[in-house]
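**Student:** Handing you this structure, nothing more for now.
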Amino acid sequence: MSEKINEKKWLLIFSIFLILITSLPYFYGFELAKTNDAQFSGFIFGVEDGNSYIAKMLLGQKGDWLFRTPYTAYEQKGFLAFLPYILLGKLASSPDNHIQFVILFHLFRCLGIIFIVFEIYYFIKIFLPSTSMLRTALLISCVGGGLGWISIIAYKSIPLEFYSPESFGFLSLFGLPHLCFSRGLMIRSFRMIISPGKDVFNIDRKITSGIYLFLSGLFQPLNIPLGWLLIGSWKLYKFVSNKVYKIKYIFTETFFYLIIPIPFFLYNAVMFLIDPYLRSWETQNIIKSPPPLEYFLAYGFGYFCLLYSIFILKGQLKYKTFLIIWSVLLPVLVYLPINLQRRLADGFWIVLSIFITIVIYSIKKQFWRWVLIGSTCFSTIFLLIGSLTAAHNQQAPIFQKNVVIEIFNEINKEGEINDVVLAPYTISNILPAYIPMRVVTGHGPESKNLKELDSFIDLFSHGAASNEQMQTFFQQFGIRFVIFEASSPGIQNFEDYFLEEKIFENSDYSLYQLIVNEDL
């Protein structure tokens, strides 16, 4: 009992350590904002997506349960997605919603770190025997990376470790809590299948495996087919390679793993087929894999350790066939002909961390062990230093000028929930994170017909749109407010054609409200 308590204490201490180091750039950003004429967005990387997470929380705060993005003015039916963020928003109350949302987001991130640390540890424990090896593999899984740092130094290019949270562990801990939960739940579902028995709730793990995969899908729907593919391939291999293992065992051992998540999987599949908005979202949501060389730098050392441990060390790793099958499938998965290729690498770094650890512990000299462990963390060190530098520079989009927030506050006073605002793309991305209004564009995947609409907005802001084009556009989307940059040549054309009222201006922006039923 004391051993289990000590184990949990160590995991909690390690989680707190990760929370502290990943929170440093955020604390620094908030501190800098105290003496600046700008507000800290609450995000260091992926700020555009970060603002969209806050916007989803705002949906929940104003009473929504289904996802309807504020980043389009097209009609939407509502869809069960981003539920964790929508639920999180219901914990906030007015006023000062934005800072509440940011704090809630980071509390959620901290919980996600604790959850994923425990889940990775107990998943690795299936395969590795000693506590020291377990801790090393956990460290590499959470903060380690491949040889991407070489591309930073040699080629001045951005490695996978810097932009692909699916490919490694640290980015999820740093700012993508939903991926911490989705990955943790997915590998927990694997653990239930690989190591059968009773779960912590004294329920058969065959049943809970399906529950955990379903819950993982609520955070990241693509994890459901990914889980099926990995577990199904492993079971099929057992059937082919083991004459005693019968086909009926595959059915009995994975029945709940398939049947429990399948309604949600089918719901997603059907909705993306029949819903016009979701079809558009799918075509614009492109997360393609990089060229194979980048994966070679990212995973090459890990694959070397895998081969070395199997063919040179010849260690009898428990359940190693599951890890090997995952490793064999990975190069196929990340180049499948789908838009979300990179997502299919989710969780795989944990596998390579296990084999890297095995090779590290085959080295007798402690010094060289630490050198290898340290080398896996180079990319993360560069990322943290770069994040602190980015915060120190106090530039957009990490910081948002107060003159922008002033415009939002004015719209919030004059407008109604879900009014449509026409604004430049960068402003449109920020606005729904502050006030419950819709914009025409502002988010790559979520803004329907983004390229087409951006082209018109560019014409409009430069005063090159015809009266007929403006009339059609404003009627189609029910525009109620327009934000212009102060120097925009489109202002004169707009004022000449529409009956409107300039309700606010500052040094950088002008805000107009259209007089409804007279100009449209």
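The values are calculated or read from the model by the stated rules, or taken from the named source; none is laboratory data. Quantities reported herein were computed from a predicted structural model and do not represent experimental measurements. FYI the Cβ positions are ideal-geometry reconstructions off the backbone, even for glycines, and counts take in every protein chain you see. Surface accessibility is based on the protein's heavy atoms, side chains included, excluding ligands, DNA and RNA. Shrake-Rupley method; radii C 1.70, N 1.55, O 1.52, S 1.80 Å.
**Student:** Which of rounded, prolate or oblate describes segment 400-445 when judged by the alpha-carbon gyration tensor and an a/c cut-off of 1.5?
**Tutor:** Cα axes put segment 400-445 in the oblate bin.
**Student:** Applying the Karplus parametrisation 6.51 cos²θ - 1.76 cosθ + 1.60 with θ = phi - 60° to the phi angles of segment 64-80, what ³J(HN,Hα) value in whole Hz is obtained for each residue in order, glycine and proline being reported as x?
**Tutor:** Ordered by residue, 3J(HN,Hα) equals 6, 10, 9, 7, 9, 5, x, 8, 8, 9, 6, 5, 9, 8, x, 8, 6 Hz.
**Student:** To the nearest 10 square angstrom, what accessible area does residue 288 show with a 1.4 Å probe?
**Tutor:** Answer for residue 288: close to 90 Å² accessible.
**Student:** Could you work out the mean projected area of the convex hull around the alpha carbons of the chain, in square nanometres to one decimal?
**Tutor:** Hull-based average projected area comes out at 27.0 nm².
**Student:** In the chain, which longest range has no GluC sites (Glu not before Pro) that are both DSSP loop (not H, G, I, E or B) and surrounded by at most 14 other Cβ atoms within 10 Å?
**Tutor:** With GluC sites (Glu not before Pro) excluded where exposed in loops, the chain gives 76-415 as its longest stretch.
**Student:** Considering only DSSP beta bridges where both residues belong to the chain, give the percentage that are antiparallel (nearest 5).
**Tutor:** Restricted to the chain, the bridges split so that about 75 percent are antiparallel.
**Student:** Okay, next question. Over the heavy atoms of residue 389, what accessible area does a 1.4 Å probe trace out, to the nearest 10 Å²?
**Tutor:** 70
**Student:** Now a separate question. Note down the net charge around residue 464, summing +1 for each Lys or Arg and -1 for each Asp or Glu among other residues with Cβ under 15 Å from its Cβ.
**Tutor:** -4
**Student:** If you don't mind, another one. What whole-number value in cubic angstrom gives the convex hull volume per residue for the C-alpha atoms of segment 95-174?
**Tutor:** Once divided by residue count, the hull of segment 95-174 is 113 Å³.
**Student:** Assuming a ≥ b ≥ c are the square roots of the Cα gyration tensor eigenvalues, decide whether segment 212-297 counts as rounded (a/c under 1.5), prolate (otherwise, with a/b larger than b/c) or oblate.
**Tutor:** Note, shape of segment 212-297 comes out oblate.
**Student:** Find how many whole Å separate the alpha carbon centroid of segment 423-457 from the alpha carbon centroid of segment 320-369.
**Tutor:** The distance from the Cα centre of segment 320-369 to that of segment 423-457 comes to 38 Å.
**Student:** Determine the sum of side-chain charges near residue 131: Lys and Arg each +1, Asp and Glu each -1, restricted to other residues whose C-beta is under 14 angstrom from that of residue 131.
**Tutor:** Residues close to residue 131 contribute a combined charge of +3.
**Student:** Suppose accessible area is computed on protein heavy atoms with a 1.4 Å probe; arrange 205, 183, 279 from highest to lowest.
**Tutor:** Output order, biggest surface exposure first: 279, 205, 183.
**Student:** What percent do you get for the relative contact order of segment 341-484 when only Cα pairs under 8 Å and 6+ apart count?
**Tutor:** Reported as a whole number, the value is 19 percent.
**Student:** How many nm is it between the label spots at residue 515 and residue 2, if each spot is 7 Å from the Cα in line with the beta carbon?
**Tutor:** If labels sit at residue 515 and residue 2, their model points lie 8.3 nm apart.
**Student:** For the chain, with all protein chains present and a 1.4 Å probe, just round the carbon and sulfur fraction of the accessible area to a whole percent.
**Tutor:** The value for the chain is 64 percent carbon and sulfur by accessible area.
**Student:** At q = 0.13 Å⁻¹, what is the log10 ratio I(q)/I(0) for segment 1-83, with the Debye formula run over Cα points and no solvent?
**Tutor:** -0.70
**Student:** Follow-up. Any idea of the accessible area per residue across the chain, 1.4 Å probe, to the nearest Å²?
**Tutor:** On a per-residue basis, the chain sits at 45 Å².
**Student:** Counting only protein chains, not ligands or nucleic acids, how are 254, 69 ordered by accessible area (probe 1.4 Å), most first?
**Tutor:** Ranked list, largest accessible area first: 254, 69.
**Student:** Now for a separate question. Considering Cα pairs under 8 angstrom that are at least six residues apart, work out the relative contact order of segment 56-119 and quote it in whole percent.
**Tutor:** It rounds to 34 percent for segment 56-119.
**Student:** Please sort through the DSSP H helices of the chain and keep those with an alpha-carbon extent of at least 15 Å along the long axis and a Kyte-Doolittle average not below 0.5.
**Tutor:** Taking the DSSP H segments of the chain (at least 15 Å long, mean hydropathy at least 0.5), we get 2-33, 97-124, 131-143, 177-194, 205-219, 223-241, 247-259, 262-274, 292-308, 320-333, 348-360, 378-393.
**Student:** To continue, here is another question. Can you tell me the FRET efficiency between residue 332 and residue 426 if r is taken as the Cβ-Cβ distance and R0 is 30 Å, rounded to the nearest 0.05?
**Tutor:** 0.20
**Student:** Shifting gears a bit: Taking Cα pairs under 8 Å and at least six residues apart, what relative contact order does the chain come out at, in percent?
**Tutor:** Relative contact order here is 20 percent.
**Student:** Right, another one. Can you give the local net charge around residue 147? Use residues other than it whose beta-carbon is closer than 11 angstrom to its beta-carbon, Lys and Arg +1, Asp and Glu -1.
**Tutor:** Around residue 147, the surrounding residues sum to -2.
**Student:** In addition: Could you check the spin-label model distance between residue 413 and residue 243? Points 7 Å from the Cα along Cα→Cβ, value in nm.
**Tutor:** Taking the simple label geometry, residue 413 and residue 243 are separated by 8.4 nm.
**Student:** Continuing with this model, one more query. Classify segment 120-276: rounded, prolate or oblate, from the alpha-carbon gyration tensor (a ≥ b ≥ c, eigenvalue square roots; a/c under 1.5 rounded; otherwise prolate if a/b is larger than b/c)?
**Tutor:** In terms of gyration-tensor shape, oblate.
**Student:** Can I ask one more? Please identify every one of the chymotrypsin sites (Phe, Trp or Tyr not before Pro) in segment 105-157 that sits in a loop by DSSP and has no more than 14 other beta carbons within 10 Å of its own beta carbon.
**Tutor:** 155
**Student:** Going by accessible area, probe 1.4 Å, with all protein chains left in place, what is the ranking of 380, 131, largest first?
**Tutor:** Final ranking, largest accessible area leading: 131, 380.
**Student:** Same structure, new question: Amide H neighbours of residue 509 under 5 Å, at least 5 residues apart or on other chains, H built in the peptide plane: list them.
**Tutor:** 486
**Student:** Which of 156/448; 320/364; 8/90 have a Cα-Cα distance over 25 Å?
**Tutor:** The pairs that break the limit, which is 25 Å between Cα atoms, are 156/448; 8/90.
**Student:** Helix-only mean residue ellipticity at 222 nm, the chain, DSSP H runs n ≥ 4 weighted -39,500 (n - 2.57), per residue, nearest 500. What is it?
**Tutor:** Helix-only estimate at 222 nm: -19500 deg cm²/dmol.
**Student:** Which value, in Å² rounded to 10, gives the accessible area of residue 4 with a 1.4 Å probe and all protein chains present?
**Tutor:** Approximately 130 Å² of residue 4 is accessible to the 1.4 Å probe.
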